[in-house]
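The values are calculated or read from the model by the stated rules, or taken from the named source; none is laboratory data. Treat the numbers as computed from the prediction; the structure is a model and nothing was measured. Don't worry about glycine lacking a Cβ; one is built from the backbone with ideal geometry, like all the others, and counts go over all protein chains shown.
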4 protein chains.
Amino acid sequence: MGGNSFGKFFCLTSFGESHGLAIGGIIDGCPPGFEINLEKVQHQLSRRRPGQSTLSTQRNEEDQVEFLSGLFEGKSTGTPIGFLIRNKDQKSGDYDALKNVYRPSHADYTYASKYGIRDHRGGGRSSARETIARVVAGTVAEEILKQINVNIVAWVSRVGNIEMKNSQGPFTRQEVDQHLVRCPDFVSAQLMEKAIESVRDEGDSLGGIITCRIDGVPAGWGEPVFDKLHADLGKAMLSINAVKGFSIGSGFEAVSMKGSEHNDEFITTDSGIATKTNHSGGIQGGISNGQPIWFQVAFKPVASIAQVQETVDKDGNAKSLQINGRHDPCVVPRAVPIVESMAALVLIDHWLRTKAINPA
Amino acid sequence: MGGNSFGKFFCLTSFGESHGLAIGGIIDGCPPGFEINLEKVQHQLSRRRPGQSTLSTQRNEEDQVEFLSGLFEGKSTGTPIGFLIRNKDQKSGDYDALKNVYRPSHADYTYASKYGIRDHRGGGRSSARETIARVVAGTVAEEILKQINVNIVAWVSRVGNIEMKNSQGPFTRQEVDQHLVRCPDFVSAQLMEKAIESVRDEGDSLGGIITCRIDGVPAGWGEPVFDKLHADLGKAMLSINAVKGFSIGSGFEAVSMKGSEHNDEFITTDSGIATKTNHSGGIQGGISNGQPIWFQVAFKPVASIAQVQETVDKDGNAKSLQINGRHDPCVVPRAVPIVESMAALVLIDHWLRTKAINPA
Amino acid sequence: MGGNSFGKFFCLTSFGESHGLAIGGIIDGCPPGFEINLEKVQHQLSRRRPGQSTLSTQRNEEDQVEFLSGLFEGKSTGTPIGFLIRNKDQKSGDYDALKNVYRPSHADYTYASKYGIRDHRGGGRSSARETIARVVAGTVAEEILKQINVNIVAWVSRVGNIEMKNSQGPFTRQEVDQHLVRCPDFVSAQLMEKAIESVRDEGDSLGGIITCRIDGVPAGWGEPVFDKLHADLGKAMLSINAVKGFSIGSGFEAVSMKGSEHNDEFITTDSGIATKTNHSGGIQGGISNGQPIWFQVAFKPVASIAQVQETVDKDGNAKSLQINGRHDPCVVPRAVPIVESMAALVLIDHWLRTKAINPA
Amino acid sequence: MGGNSFGKFFCLTSFGESHGLAIGGIIDGCPPGFEINLEKVQHQLSRRRPGQSTLSTQRNEEDQVEFLSGLFEGKSTGTPIGFLIRNKDQKSGDYDALKNVYRPSHADYTYASKYGIRDHRGGGRSSARETIARVVAGTVAEEILKQINVNIVAWVSRVGNIEMKNSQGPFTRQEVDQHLVRCPDFVSAQLMEKAIESVRDEGDSLGGIITCRIDGVPAGWGEPVFDKLHADLGKAMLSINAVKGFSIGSGFEAVSMKGSEHNDEFITTDSGIATKTNHSGGIQGGISNGQPIWFQVAFKPVASIAQVQETVDKDGNAKSLQINGRHDPCVVPRAVPIVESMAALVLIDHWLRTKAINPA
C-alpha cells in the first residue's frame, strides 16, 4: 500500500534509495517455463545507466544486476524473481548542503511533508535510480512478450523545440541507438544534441517527448471500464520521474478534429479485420484492436540545474541554492528504455489477465 | 479483476449496461460519520444526464438514484453504500441493425474480440451510461472532501479550435454553468456553442478539452513511486470514455521550457511554504505540495456520427453504416461532472491512504 | 478496503444491512460465455432462507433475487453481474430496546467501537442476512465449476455432542437434504433434530460442524506461499458468521499422528498418480493434488438466545437483557449452502488464477 | 498474483528457494518514524533457525539478515524495506536422488503439476526456509506494535498426545524459552522433549499445537464481513508450512457448548467495558473487543522422515524412497516465532487499516 508495486499479475515490487546500499525488486507472477536472456536485461540497463555519454550525468554506476531466485537452468520457474543492484558510486557528501534545503521542483518538500522524515542523500527514494528496478523487470517481461511476438520500441521524438517527422514509426532499436540522443531521424538527432549541449553549457536543462510503438498485440487485451489498456499505459508513464503528460494515438490533436475525420474505418485485409487509419492508437474502448499501439510521453526539463536558484529551507528561511552533484541536462535519451520497460510491464499484465478472464 | 473497481480505500465497483435493467454500484470503504447530502448527488447527475440541452443527446433519462445501504439517519455508517439507477428510455430497437456490424472507433469489435459474446444494445457496457456510477460515487466522495476543505471544479477550456484564456482558474461551478457549454468565459462559450451546433447540423462531432482545478489539498498526499498522485489522476481521466490525453500542470508545454524557467521556486507566505509559480500543477515527485492541483483532459470527437461511414461486419464483409440513435455532437459539456467525480475518487483515496501510512 | 469484497479474479463485493432496503452485490470477473441457470441460485437461496423449517428462525423472507446486468440471453457476458434481494419482513421495532444495549457475543459493541455509529436494527451489517450475497455469487460460481466437473457438497456432521460416522463422504445434495438437519446419516440426523429442539425449548442454542467435500479439482490449483488453497478456504470459512474453527484433511487429529502414519503414499491408478490415503485433504504445499478436498468448519452456538442475560449498555451500566426477535436455535442446517458457496468462490478464483499463471 | 505477498497495508513480498542464492523480501507500507531494533529481528531469526538444538534439523545456517533500504539513522522512513539472507549451508547434492521422485506429503508433485518445471533442490520454494522472510518482516512489525502496547507471545501447548494445562496464558517469551521445546510448563515440556526424541530415534516425526495470545489490542480492529480479524489470522496461520487447522477462542470446543454457556457477558471494569469470559477469543463479529486474542494452530507431523517409504516417480513408476538430508522430527518448537511473526503481520495491517477507515 506504499505504492511500490506495479502490476496485478506480473507484479514488480521495488525498493532502494539513491545513496543506500542497493536498488532491487521482486517480480511476482512471472509465468513458468520461459527462457530469460539475462544479457538483454543488462543491455537495457546499459541504455539507462548514467555516464553513458557526454549528454548524461557523470555518476558512474555499472548497474550490474544479480538475480537471486525464480530462475532455474535459464528458465523462469513461476516463483518470485528477486534481484539486486548494489549502489557503488555514491557520493553522499555532495548532498550534505541540501539536508535542510528544499530544491525547487524536486520532491524534497513533499517527502518531508508526507513522511516527516527523509533520507535526503541524492533524493533518496525519489531519485530516478529507482527506475533501475523497472528496467530489470520490464526487460524480463519483454523477453517473454517477444516469444508471443509482441515488440516494443520507443524513441526520442522531440527535445525542446526540435521535433522529428514521421513520429509513428516503426523503427528498430538499432535505428534508435544510431545516435546517442536516441532519435532515429539522424538530422533531428544532431539538432537535438546541439540543443542539449547548449543548455548543458548554460547550466540549464531541457524537456522532451518520447514516442513508443508496440507491434504484435492481438485484438482483445485490456479492460473495458477503469482498467482500460491506455489508462494503465498512461498511469505507467506518468509514474516515471519528470513526466508531465501522456497521450494515446491522436492524443491532444484529436481535440480539433471532427468525428468524420477521426473515426478509424474498419477494412478487411489479408490478415483479417483492420482499420484504415489509426487515430485510436491501437486501442478502442480500452481494449486493443490489433493495430499498432502508439503513444507519447512528455518530460519536463530536469529540475537539477547548475544555476543559482532561490528557495527556502525547512524552517521557511529564504536560501540561495547551487546544486553541485552530477545531473543530466536532458533526461529523454536515458528514459527510452524506461518507457519501453513500463510498457512491457503493462502489456504482460494485460496478456496474463486475458487468460484469467477467458479461461476456456 | 474484471476492471470494474476503482480505488483502493474508497473503492467504487460498478455494473450495468446501456440497455440493461439498471446501472449501479457499491462504494466500499466510505468513512463513517459523514453527512452526505443526497441532493448534491442528484444535482451532479443532472449535469451529466442526457437530454439536458440542445447540445446533448435527446435520450431522456431522469437518472434517479436509489441508495440501498450504508447510510443511516443521513450519515455514512462505514458499511458499503449500494446504489441503483434504473434505465428507462431504452430503445433497444435502434440497435438491431448494428448487431453484427462494427461501428468505427467504437468498442464493438474489441469487445467481440475480448469476450466472444456481447450485449450489442447501445454499446452495452462500453456505453458512457456507465459513467453514472462514477458520478454517484464521486459526488459522495466530494461531499466528504468538502468537509476537509477540498474543492474541485472542472470546466470546458477548449472545443475544436476554440480555446479560452486564463485556463488555470479558479472558477466556481456557478460560473461554469452560466453557459450550457460549461466554459466559464462567456465569449468563448458562445463561440464553442456555435461550433458544436455547426458540426451537429453536419451530422458530425467535435472534440474538446476539460481543465480541472483542485484547491485545498494539503502537502503530503500521493505516493512516491508507482502510485504518484498525478499518475492516479491520469489513469482516472484516461479511463473516461473518449479521452485521448492527460497532462498535469505545464504538461506538454514543459517540453519546450528550460529547467530555469520551469522550476517552481519555493517562497514563504503568510500561510507557510508555497511556490512562486505552479508549473508542477500542485504535485512534486508524485506528492501534493499544497498548491492548487490543475490538469487537462483531451476528448476526441464522439465516434457516433450521423454521416454514412464505411466499415465491416463480424465476418469481415464491407458495409455502409448510418447510425441513427441519439448522440452528442460534443461530449465535453456533459463530461465536466465526470471529470470532477473521478478527481474526487482519486483524492479521497489518497487522503485515506495518508492516514494508513502515517498512523501516529 | 472496507473488507466487503472476496476473490481476486471472480470477485464478489456485497452490500446491505439486515433491516435496510436490500441485500445485493456485484460479481466482477465472471468469465464470459457460460450458461448460468438462475433457478439453481434461487434453489440454494431457499436452502439458506429463514423460515424453512421449525428448526430455523421464523422471519419470513422469500429472498427473491433480481439480476440486473452481466447476463445476456442466458449466458454470462464477462461484464459485472449486479444483483439485488429486497428485504421484506423487517420488523425493526423488535430492535428498539436494543439500541443502546450490547448483546453478549454479538458484534454490537465491536461495531460501535470501530465505527462510532451503527445501524442497530437487527445487527445491521453484522447480521447473517449478509450471507445471501455470498450464496448468490457462490452459486453462479458453482454453475460454472460444474461445467469443468468440479462438484461441491457440504453437510452437517455434528450438532452439539452428536457426531455422524464416515464424515468424508461423498454424498449427494439429495442425500444431505433428506433430513431438514442436512446430515446425510438419517439416524444421526434424527438425534441432532432432537438436540436442537431440546435447546430451542430451553430458549438456548447449540453449535455444530459442517464438513465439505469437493471432487473434480485437478492437481495444480492453489499458490505455494501465502495464498495456499487451504489458507484461502480457511479464510473463506472463518469469515462466515459464528465460525470458530477450520481444519483441512486430518486437521487437529494430525497432531497426535506420526509422520509415518500421516504421510500419503503416492500410487499409480488407472486415472494417473493418486495417493493411497488422503490425510492431506487433497492439498499439498498449498496446491491441489487431484484427490478430493475435504475440510471441517466449526460453528459456535448462536449468540441470540431467549434466556435472560446480563450485559451492559453503551455507558457501561449493567443491564438485564431478554432478546425477543426470531432466531435459529442452531445455525448449521442453514449454513450448509453458505459453506458450499464460499468454497465455490475460492475454487473458481484459483481456477482462473491457474490460467493467468500458466498462460501458454 | 503469484501469492508471494501478504498484507494490504504493511505488505511483505518474499522470494527465495531453499537451495538458491538467498531468501529475502520487501516490506512496503511500513509507517515512517518508528525505531526498529534490528537485533530483535536477528534474535527471532535465531529462535527459528535450524541447528539450534538436538530437536531440530542439523542444517547449519547463521541466517544473518542484511537490510538494504527503508531505514535511516535507525528509523523507518516510510519507503520500502528490502532485506536479504544468503543461503550458506546448501547441500544440493542431498537432493539429486529426489529429482524425479515425489516425496509423500511434500509439495513435489503439486508443484510439478502447477508449474511444469521446478527447482527440486530442497523443496525449492516450498521449503520452510521461505518462512525466514516472514520472521524478518513480522519482527519489524512487532517492533512497531510494541510501541502501541500490543504484545504477542506464542508457545507450544501440545506435542503428539502430550498437552499442557492452562493453555490461555499469559506467558512471557522468557518463560516460553526456558525449555528448548518452547512449552512454558516445564513438566509438560520435558515429556514433549522425550516424545520428540523418541520419534527422532525411530526416524519418524510428530505433530503439535501452538497457542498464541495477543494482549493490548484495543476494541475496533478488524473488518466486519470477509476480512474478519480472525479470518485473516486463520489465513495467516494456515499459510505456514505443515499447518492443518486453526481455531479462535473456544474453537472446536464451542461446538458442544450451549449459547447460554458460550456467550461472553459484558461487564464494566476499572478499565472500561470488558467481558466476563473470553470464549470469543477477543474478537466478535470479526472485530477486536479489547480482550486478549488467543488462538490455536495445529501442525501435522513433518513429512520428511528417515524411514523407507513407498511412492512413485514422475512417470508413475513405483519407487522405494529413503530421504536423507537433515530434518526436524517435530517442527513446532521452531515454528513459535513464525506464528508470532504472522500474527504481527496481520495485526499491524489491521491497525493501519483502522486509520484509513476512521480518518477523522
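Taking residue B:52, is it away from chain A (no Cβ under 14 Å), in a helix (DSSP H, G or I) and either within 23 Å of the chain's Cα centre (by Cα) or modelled with pLDDT of 90 or more (or both)? When the stated conditions are applied, residue B:52 does not pass them. Return yes or no: is residue D:244 modelled with pLDDT of 95 or more, basic (Lys, Arg) and surrounded by 19 or more Cβ atoms within 10 Å (Cβ to Cβ)? Taking the combined requirement at face value, the residue satisfies it.
The number of residues in the range B:212-229 being more than 7 Å from chain A (Cβ to nearest Cβ) and either outside any loop (DSSP other than H, G, I, E, B) or of a type in the set (Val, Ile, Thr) (or both) comes to 6.
With the requirement that a residue be of a type in the set (Asp, Glu) and either exposed (fewer than 14 other Cβ atoms within 10 Å of the Cβ) or within 11 Å of chain A (Cβ to nearest Cβ) (or both), what does the range D:59-83 give you? Listed by number, the residues that qualify are D:66, D:73. The single residue among A:181, A:153, A:199, A:135 that is in contact with a Lys or Arg (Cβ under 8 Å, 6 or more places away or on another chain) and crowded, with 24+ Cβ neighbours inside 10 Å turns out to be A:135. Of the residues contained in the range B:92-106, one or more are found to be within 14 Å of chain A (Cβ to nearest Cβ), buried (at least 19 other Cβ atoms within 10 Å of the Cβ) and part of a strand (DSSP E or B).
Selection of first residues in the range A:209-221 that are without any contact (Cβ under 8 Å) to a residue 24 or more places away in the chain and of second residues that are buried (at least 21 other Cβ atoms within 10 Å of the Cβ) and among the basic types (Lys, Arg), restricted to Cβ pairs under 8 Å at least 6 apart or on distinct chains, gives an empty result. For the range B:192-203, the criterion of being within 9 Å of chain A (Cβ to nearest Cβ) and of a type in the set (Gly, Ala, Ser) is satisfied by at least one residue.
Look at (1) within 14 Å of chain A (Cβ to nearest Cβ); (2) over 27 Å from residue A:222 (Cα atoms); (3) among the aliphatic types (A, V, I, L, M) and you find that residue B:144 fails only one, number (1).
Counting only strands (runs of 3 or more DSSP E) that fall entirely inside the range A:230-336 and contain at least 2 residues that are touching a Ser or Thr at 6+ places or on another chain (Cβ under 8 Å), the qualifying elements are A:243-248, A:266-269, A:293-299, A:309-312, A:318-321.
The residue that is farthest from the other protein chains (Cβ to nearest Cβ), counting only those in the range B:345-360 that are in a helix (DSSP H, G or I) and of a type in the set (A, V, I, L, M, F, W, C), is B:347.
Each row is one residue, and each column tells you yes or no for (1) part of a helix (DSSP H, G or I); (2) basic (Lys, Arg).
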{"site": "A:119", "(1), (2)": "no, no"}
{"site": "A:123", "(1), (2)": "yes, no"}
{"site": "A:129", "(1), (2)": "yes, yes"}
{"site": "A:134", "(1), (2)": "yes, yes"}
{"site": "A:142", "(1), (2)": "yes, no"}
{"site": "A:154", "(1), (2)": "no, no"}
{"site": "A:171", "(1), (2)": "no, no"}
{"site": "A:176", "(1), (2)": "yes, no"}
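Here residue B:45 fulfils each of the conditions (1) within 14 Å of chain A (Cβ to nearest Cβ); (2) closer than 25 Å to residue B:88 by Cα; (3) among the aliphatic types (A, V, I, L, M) apart from (1).
Filtered by the rule that a residue be more than 9 Å from chain D (Cβ to nearest Cβ) and free of Cβ contacts under 8 Å to residues at least 60 places away in the same chain, the range A:31-42 gives A:38, A:39, A:42. Residues of the range A:240-275 that are in contact (Cβ under 8 Å) with a residue 40 or more places away in the chain and of a type outside the set (A, V, I, L, M, F, W, C): A:241, A:244, A:245, A:247, A:249, A:251.
One residue stands out among those in the range D:184-205 that are outside any loop (DSSP other than H, G, I, E, B) and among the small types (Gly, Ala, Ser): the one that is farthest from the chain's Cα centre (by Cα), which is D:198.
In this structure, does residue A:24 turn out to be within 14 Å of another protein chain (Cβ to nearest Cβ) and either out of contact with any strand residue (DSSP E or B) (no Cβ under 6 Å at 6 or more places or on another chain) or within 24 Å of residue D:66 (Cβ to Cβ) (or both)? When the stated conditions are applied, residue A:24 passes them. In the range A:301-344, the residue that is farthest from the other protein chains (Cβ to nearest Cβ) out of those that are surrounded by fewer than 24 Cβ atoms within 10 Å (Cβ to Cβ) and touching a Gly at 6+ places or on another chain (Cβ under 6 Å) is A:306.
Tally up the residues in the range B:1-15 that are assigned to a strand (DSSP E or B) and facing chain A (nearest Cβ under 9 Å), please. Matching residues across the range B:1-15 total 4. Filtering the range B:265-293 to residues that are buried (at least 24 other Cβ atoms within 10 Å of the Cβ) and not aromatic (Phe, Trp, Tyr) leaves B:275, B:280, B:281, B:282, B:283, B:284, B:285, B:286, B:287, B:288, B:289, B:293.
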